[in-house]
Amino acid sequence: SRHDRLGLPAAVVDWQVSGDELPSIRNLADRCAKALEEAGLGRLEIEPDLQAMKPRFLDTLHDTYHAAGGAVMGRTDATGVVDGDLCVFGTENLYVASAATFPSSSSANVTFMALVLATRLADHLT
C-alpha cells in the first residue's frame, strides 16, 4: 500500500535479530581458528567475551553499511526466498545473484562472497 516518490510500490524491510548471532559468530571464529592452525598459517585469538559466549560481546559490533539480505537463501520457501542454487522458490528460471541472498552478514565487505555465489551460479547454469 506504500509507494515511493515515483509512484512505485515501496519495499518494506522487516529486519529482525534472530538470536542466533552469538553462536553463529562463535562457530565462525572456531572454524577459522581451526583452519588457520591446520594450515600452519597462524593462531586466531578469539575475543574473551566471544569465547565465553557473553551476550555483551554483541554490543561491540557495529554496522558497516554493507547491505545484505532481503532475498535470503533458505532450504525451503518457508525459510528463504531462493534455494541453494539461487533460484527463487516457486519459479524455474528466476535467479538472484546478489548479497541480498545472504542469510547473515559479517562486518566485512560483502563483495567477495557475492562474487563466489555468482561464479557458482554461472557453473550451475552452464
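Identify all residues within the range 53-66 that are open to solvent by 50 Å² or more (accessible area, probe 1.4 Å) and either farther than 24 Å from residue 97 by Cα or in contact with a helix residue (DSSP H, G or I) (Cβ under 7 Å, 6 or more places away or on another chain) (or both); write none if there are none.
Residues satisfying the conditions are 53, 54, 55, 56, 58, 59, 60, 61, 62.
Tally up the residues in the range 92-126 that are exposed (fewer than 10 other Cβ atoms within 10 Å of the Cβ) and assigned to a loop (DSSP other than H, G, I, E, B), please.
So the answer is 3.
Of all the residues that make up the range 24-52, how many are of a type in the set (Asp, Glu), surrounded by 11 or more Cβ atoms within 10 Å (Cβ to Cβ) and under 24 Å from the mean Cα position of the chain (by Cα)?
Here the count works out to 3.
Any residue in the range 1-24 that's free of Cβ contacts under 8 Å to residues at least 24 places away in the same chain: show its pairings with residues that are loosely packed, with under 10 Cβ neighbours inside 10 Å and basic (Lys, Arg) at Cβ separation under 8 Å, as long as the two are six or more apart or on different chains.
9/2; 10/2; 12/2
Can you tell me which residue within the range 67-91, out of those that are under 17 Å from residue 11 (Cβ atoms) and β-branched (Val, Ile, Thr), is most open to solvent (accessible area, probe 1.4 Å)?
My answer is 81.
Identify, please: which residue in the range 11-23 is at pLDDT below 85 and open to solvent by less than 100 Å² (accessible area, probe 1.4 Å) and is, among those, nearest to residue 57 (Cα to Cα)?
19
Quick one: count up the residues across the range 37-50 that are within 20 Å of residue 104 (Cβ to Cβ) and not in a loop (DSSP other than H, G, I, E, B).
Here the count works out to 2.
The values are calculated or read from the model by the stated rules, or taken from the named source; none is laboratory data. From a predicted model like this one, the values you see are computed outputs, not experimental measurements. When we count neighbours, we look across all protein chains shown, and the Cβ atoms used for this are built from the backbone with ideal geometry, even at glycine. Please note that ligands, DNA and RNA were not included when accessible areas were found on the heavy atoms of the full protein model with its side chains. Shrake-Rupley method; radii C 1.70, N 1.55, O 1.52, S 1.80 Å.
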